[in-house]
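Participant: The structure is given below, and queries will be raised subsequently.
The values are calculated or read from the model by the stated rules, or taken from the named source; none is laboratory data. Predicted model, so just to flag it, every value in this text is computed and none were measured. Counting neighbours? That spans all protein chains shown, and the Cβs are built from the backbone with ideal geometry, glycine included. All accessible areas refer to the heavy atoms of the entire protein, side chains included, with ligands and DNA or RNA removed. Shrake-Rupley method; radii C 1.70, N 1.55, O 1.52, S 1.80 Å.
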Amino acid sequence: QTCALPILDVHRLEEGRAFWLGGLKLPSSFGAVGHSDADVLIHAICDALLGALNLRDIGFHFSDTDPQYKGIDSKILLRNVMALIKEREFSVVNIDATVILEQPKVNPHIPAIQVILAEILEVTIDRVSIKATTHEKVDSFGAGEAVKAYAVCLLSK
């Protein structure tokens with residue numbers, strides 16, 4: 001078995017953008033800014049999976065300067081990361097992730113996000129732990145200017 005240390009991903013928020021989180025489009029007048037769809041939760045999970053097997057990071061595999069990844073659905077990136085994991089004969093045991101965001105509220109969407117992620121990760125829903133919290137109005141995250149997610153994983157050969 002192998003695991004990753006807690007991995008962090010951060011994206012700035014901007015009005016007029018779609019807000020993707022865990023492969024689900026959340027109802028919001030603003031969204032995260034990034035080269036892809038800026039799904040902070042999936043990006044943190046990708047980095048945790050890659051890090052657990054010493055496969056560098058999401059930017060190494062899917063460069064933000066490569067036009068083929070412009071606006072890409074992050075679920076595709078996660079599927080590609082899973083292919084790398086399976087190629088090395090590993091599988092996901094579990095994922096534990098936390099999203100820090102003031103608005104929109106994440107908790108009502110967690111069950112739907114778990115279904116999406118469990119299917120891609122090839123695990124049961126009870127192996128995908130997603131938690132949400134706020135930053136209590138402190139700094140850029142608390143002011144609603146950014147979103148961040150932490151993720152850890154356990155893999156088994």
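Participant: Residue pairs, Cβ under 7 Å, 6 or more apart or interchain, first in segment 41-62 and within 17 Å of V128 (Cα to Cα), second in a loop (DSSP other than H, G, I, E, B) and of a type in the set (G, A, S). List them.
Facilitator: L41/G22; I42/G22; I42/G23; A48/A4; A52/A4
Participant: Scan segment 41-63 for residues that are among the hydrophobic types (A, V, I, L, M, F, W, C) and in contact with a Gly (Cβ under 8 Å, 6 or more places away or on another chain) and report the count.
Facilitator: 2
Participant: Any residue that is part of a strand (DSSP E or B) and of a type in the set (D, E, K, R) - is there at least one of those in segment 32-52? Give the steps one after another, and end with the answer.
Facilitator: Residues of segment 32-52 part of a strand (DSSP E or B): 32.
Going one step further and asking which of them are of a type in the set (D, E, K, R), we end up with none.
No.
Participant: Shifting gears a bit: Out of (1) in a helix (DSSP H, G or I); (2) under 20 Å from R12 (Cβ atoms); (3) at pLDDT 95 or above, what's the single condition that is false for A97?
Facilitator: Status for A97: all satisfied but (1).
Participant: Taking I45, is it more than 17 Å from L5 (Cα to Cα) and β-branched (V, I, T)?
Facilitator: The answer is no for I45.
Participant: Now, a different point. Tell me, yes or no, whether segment 132-145 has at least one residue that is touching a His at 6+ places or on another chain (Cβ under 8 Å) and among the hydrophobic types (A, V, I, L, M, F, W, C).
Facilitator: yes
Participant: What are the pairs with Cβ atoms under 9 angstrom where one residue, in segment 83-99, is touching a residue at least 40 places away in the same chain (Cβ under 8 Å) and surrounded by fewer than 18 Cβ atoms within 10 Å (Cβ to Cβ) and the other, located anywhere, is of a type in the set (V, I, T) and not in a strand (DSSP E or B)? Sequence gap at least six, or different chains.
Facilitator: S91/I85; S91/V123; V93/V123; N94/V123
Participant: Mind telling me which of the residues V33, V10 ends up being of a type outside the set (K, R), in contact with a Lys or Arg (Cβ under 6 Å, 6 or more places away or on another chain) and open to solvent by 40 Å² or more (accessible area, probe 1.4 Å)? Show your work before the answer.
Facilitator: Working: V33 fails: open to solvent by 40 Å² or more (accessible area, probe 1.4 Å).
From the options V33, V10, the qualifying one is V10.
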